[in-house]
Amino acid sequence: MRTFYPEIEPYETLMLPVGDGHEIYVEQSGNPHGKPVVFLHGGPGSGTSPTQRRVFDPGRYRIVLVDQRMAGRSTPHASTTLDPQAWATNTTWHLVADLERVREHLGIERWQVFGGSWGSCLALAYAQTHPERVTELVLRGIFTLRSEELAWMYERGHLEHVYPDLWAGFVAPVAPERRHEMQVAYHELLFDPDPAVHVPAGKAWSGWEARVISVLPDEAGYRRATQDAQAVAFARIENHFFVHGGWMREGQLIADAPGIAHIPTTIVQGRLDMCTPARTAFDLAGRLPDARLVVVPDAGHAFSEPGTLDQLVRATEAYAGA
């Protein structure tokens, strides 16, 4: 079983202005002359973490991590601003353009794109926009922002049947008469200027996701996810993207996948993933006939679960010399 590479520190960090008043955090680690790879974090809104550097061989990869707009160390931060302009300029397509700015700023011609959950969604959007810049795709926990995928996680009659007790905590901040439209109702709560409203809502939204992403409970992950600032930022960014459908037409990323069929692609999917069920991974693989789809039988959604991590590291090892 493959596992994380040893801990490493970045050899460069910077704040990159990307326009519209946004600056994004960028770091590089590993081998400055190695194979370039960019890690796209999930959420949207989770930000990067040191652990994410460790799925790549630091002797063979030039590892780029980016905190997407308003997340992590990027500014302005979603927990502290309700500026309409800042939010209006945080869309899927702004993030795609930001990745191009990062690539150009770092002088990288082509790079591997690695993303899980929302990161897989952004990776697909980027690859379909700039296929000539992508050497390989490593995707995990496939999420494409289709309305049925969002309904599964956030609307009544779906995941509540698996986690009725946890679902009760998720719906608690929402008035009973609004629970037929949870994402819209949460949007009003999360963007209410009163901390007495948006902080409990942020913690309930983020806590719900933290509870269901892994097969076994992760109490440390739950505590991190429900810290006030992180919870509010994460929930606001996710909800902002979800209520706008990612600024994409319904089913766009699956429909347009044949346009990137020439890019070597590995898809790793947990069979027990309750956050992004396997149906979407199979739908994507069906449009990418040469992609390698690996279903991990005892894994949920988290990339650190042993079987999933093993397959992700194997994929990065296989592509390291390509």
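The values are calculated or read from the model by the stated rules, or taken from the named source; none is laboratory data. Quick caveat: nothing in here was measured; it's all calculated off a predicted structure. Cβ coordinates were reconstructed from backbone atoms using ideal geometry, including for glycine residues, and neighbour counts include every protein chain displayed.
Among (1) over 16 Å from the mean Cα position of the chain (by Cα); (2) surrounded by fewer than 24 Cβ atoms within 10 Å (Cβ to Cβ), which single condition is CYS275 missing?
Against the list (1) over 16 Å from the mean Cα position of the chain (by Cα); (2) surrounded by fewer than 24 Cβ atoms within 10 Å (Cβ to Cβ), CYS275 comes up short only on (1).
Between ARG69, ARG103, ARG73, which is in contact with a helix residue (DSSP H, G or I) (Cβ under 7 Å, 6 or more places away or on another chain), part of a loop (DSSP other than H, G, I, E, B) and charged (D, E, K, R)?
Result: ARG69 is the single residue among ARG69, ARG103, ARG73 that is in contact with a helix residue (DSSP H, G or I) (Cβ under 7 Å, 6 or more places away or on another chain), part of a loop (DSSP other than H, G, I, E, B) and charged (D, E, K, R).
Can you give me the number of residues within region 48-60 that are surrounded by 24 or more Cβ atoms within 10 Å (Cβ to Cβ) and out of contact with any Leu (no Cβ under 9 Å at 6 or more places or on another chain)?
1
Here are LEU139, LEU166, LEU189, LEU124: which of them is of a type in the set (A, V, I, L, M, F, W, C), in contact with a helix residue (DSSP H, G or I) (Cβ under 6 Å, 6 or more places away or on another chain), at pLDDT 95 or above and not in a helix (DSSP H, G or I)?
LEU139
What's the total number of residues in region 70-121 that are of a type in the set (Ser, Thr, Tyr), over 30 Å from GLN269 (Cα atoms) and touching an Asp or Glu at 6+ places or on another chain (Cβ under 8 Å)?
Summing the residues that are of a type in the set (Ser, Thr, Tyr), over 30 Å from GLN269 (Cα atoms) and touching an Asp or Glu at 6+ places or on another chain (Cβ under 8 Å) in region 70-121 gives 3.
Is it the case, given these coordinates, that ALA285 is of a type in the set (A, V, I, L, M), free of Cβ contacts under 8 Å to residues at least 60 places away in the same chain, closer than 27 Å to SER147 by Cβ and part of a helix (DSSP H, G or I)?
So ALA285 passes the test.
Testing LEU99 on (1) under 22 Å from PHE282 (Cβ atoms); (2) within 16 Å of the chain's Cα centre (by Cα), one condition comes back false. Which one is that?
(1)
Only helices (runs of 4 or more DSSP H) wholly contained in region 193-276 count here; list those with 2 or more residues that are touching a residue at least 12 places away in the same chain (Cβ under 8 Å) and in the same structural domain as PRO44 (by TED's automatic domain parsing).
Here the list reads 252-255.
Take region 173-186 and flag every residue that is surrounded by 12 or more Cβ atoms within 10 Å (Cβ to Cβ) and either among the aliphatic types (A, V, I, L, M) or part of a helix (DSSP H, G or I) (or both).
Correct list: VAL174, ARG178, MET182, GLN183, VAL184, ALA185, TYR186.
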